[in-house]
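The values are calculated or read from the model by the stated rules, or taken from the named source; none is laboratory data. Worth saying up front: this structure is predicted, and the values here are computed from it rather than measured. Here the Cβ positions follow ideal geometry from the backbone for every residue, glycine too, while neighbour counts run over all protein chains shown.
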Amino acid sequence: MMLIDLFLISFSSLILIVFVLFGVAFLTLMERKVLGYIQIRKGPNKVGFVGLLQPFSDAIKLFTKEQTNPFMSNFNVYYFSPVLNLFLSLFLWMCIPFFTVNFNFNFSFLFFLCVSSLSVYTVMLAGWSSNSSYSLLGSLRSVAQTISYEVSLALILLSFLFLVLSVNILHLMKYQEFIWFLFLMFPLCLMWLVSSLAETNRTPFDFAEGESELVSGFNVEYSSGGFAMIFLAEYSSILFMSMLCSLLFLGGNLISWFFFLKVGFLAFFWIWVRGTLPRFRYDKLMYLAWKSYLPISLNFLMLFFGLEFFFLSLFS
């Protein structure tokens, strides 16, 4: 590979990450605005025109606050967990297919599964290294929840991959030119949405941050930049999962402006759910993963595998 190619790949990846961070900033503003209107109040409207500069003032406030270090914490692990958490959630975006020079590789979904499963470790280490009972309980809950839903998430994803017989994200576009997978696999799409909510630790499954029981969950001992990085990682994951949902079952034509509208609507859906639904019960959440989603997704997987095998043998 020529030097100019490496430079272009690095530069386009940097631009992608910068715009993802901008998207995260305005996603937080959208969340506060939408929640405000759901609760019949204004939301941020003072800083800049109709509150448009609010995310930047929040960022300045968070990063200039005093950094607290718990006396009994495991300092190095405590300090680097949020950094690694943000790095992994931004690294996920590298599997986005571009038509220009970028990491447009054939194993996009394998990369997604590998990197998303690594983020469990950062949450676990952040909770453990703080040396607080609340943060440890929050991280244990979060890890159990994420691992449980990763199983059903991977099995649901396999059903989609059996239909396209590829692990390249770009092939999803080609197979959805005439009909979206939403119409072919409606129950699986709904299960994917709910599993994505659980995977990103969002309401109604935000047990890692159960304020009524655990103060603020695994990030209770973090302040200033550490808290901001955990916050950025969570919202970056929400945007990524919205984009993946759009690619998986809403057509996902990357060169159409309609694609970005769909991503925006799905990000709004995440916020809408937060403003509407109360928190689920933890044991019910686990039953949902292991007793409902796991057997249903396995049955669907067998169905699509059988269909694919039948049509391949019919036309070969």
Does K291 satisfy the criteria of being of a type in the set (D, E, K, R) and more than 20 Å from the chain's Cα centre (by Cα)? yes
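Go through the range 47-61 and report how many residues are aliphatic (A, V, I, L, M) and surrounded by 14 or more Cβ atoms within 10 Å (Cβ to Cβ).
The total comes to 4.
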Residues within the range 248-282 that are assigned to a loop (DSSP other than H, G, I, E, B) and touching a residue at least 24 places away in the same chain (Cβ under 8 Å), tallied: 10
Pick from the range 4-48, criterion at pLDDT below 90 and small (G, A, S), ranking: farthest from S237 (Cα to Cα): G48
Counted residues, the range 133-146 - those being surrounded by fewer than 20 Cβ atoms within 10 Å (Cβ to Cβ) and either under 17 Å from S89 (Cβ atoms) or not hydrophobic (A, V, I, L, M, F, W, C) (or both): 3
Given the structure, is L157 crowded, with 16+ Cβ neighbours inside 10 Å and touching a residue at least 40 places away in the same chain (Cβ under 8 Å)? yes
From L118, L125, L113, L88, grab the single residue that is among the aliphatic types (A, V, I, L, M), surrounded by fewer than 22 Cβ atoms within 10 Å (Cβ to Cβ) and either modelled with pLDDT under 85 or closer than 18 Å to L239 by Cβ (or both). L88
Of the residues that make up the range 29-48, is at least one in contact with a Gly (Cβ under 9 Å, 6 or more places away or on another chain), assigned to a helix (DSSP H, G or I) and among the basic types (K, R)? yes
Which pairs have Cβ atoms under 6 Å, sit 6 or more apart or on different chains, and link a residue in the range 184-202 that is at pLDDT 90 or above to one that is surrounded by fewer than 21 Cβ atoms within 10 Å (Cβ to Cβ) and assigned to a helix (DSSP H, G or I)? L188/F300; C189/L182
For the range 62-69, state whether one or more residues are exposed (fewer than 15 other Cβ atoms within 10 Å of the Cβ) and closer than 22 Å to G264 by Cα. no
Go through the range 260-285 and report how many residues are of a type in the set (A, V, I, L, M, F, W, C) and out of contact with any helix residue (DSSP H, G or I) (no Cβ under 6 Å at 6 or more places or on another chain). 10
Would you mind finding the one in L153, L110, L157, L161 that is over 19 Å from the mean Cα position of the chain (by Cα), within 16 Å of L244 (Cβ to Cβ) and part of a helix (DSSP H, G or I)? L161
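Considering only residues that are of a type in the set (S, T, Y) and crowded, with 21+ Cβ neighbours inside 10 Å, look in the range 238-297 and name the one that is farthest from E177 (Cα to Cα).
Once the filter is applied, the top-ranked residue is Y293.
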How many residues are polar (S, T, N, Q) and more than 27 Å from the chain's Cα centre (by Cα) if we restrict to the range 23-63? 1
Here are some conditions: (1) assigned to a loop (DSSP other than H, G, I, E, B); (2) farther than 19 Å from G275 by Cα. P55 meets all but one. Which one does it not meet? (1)
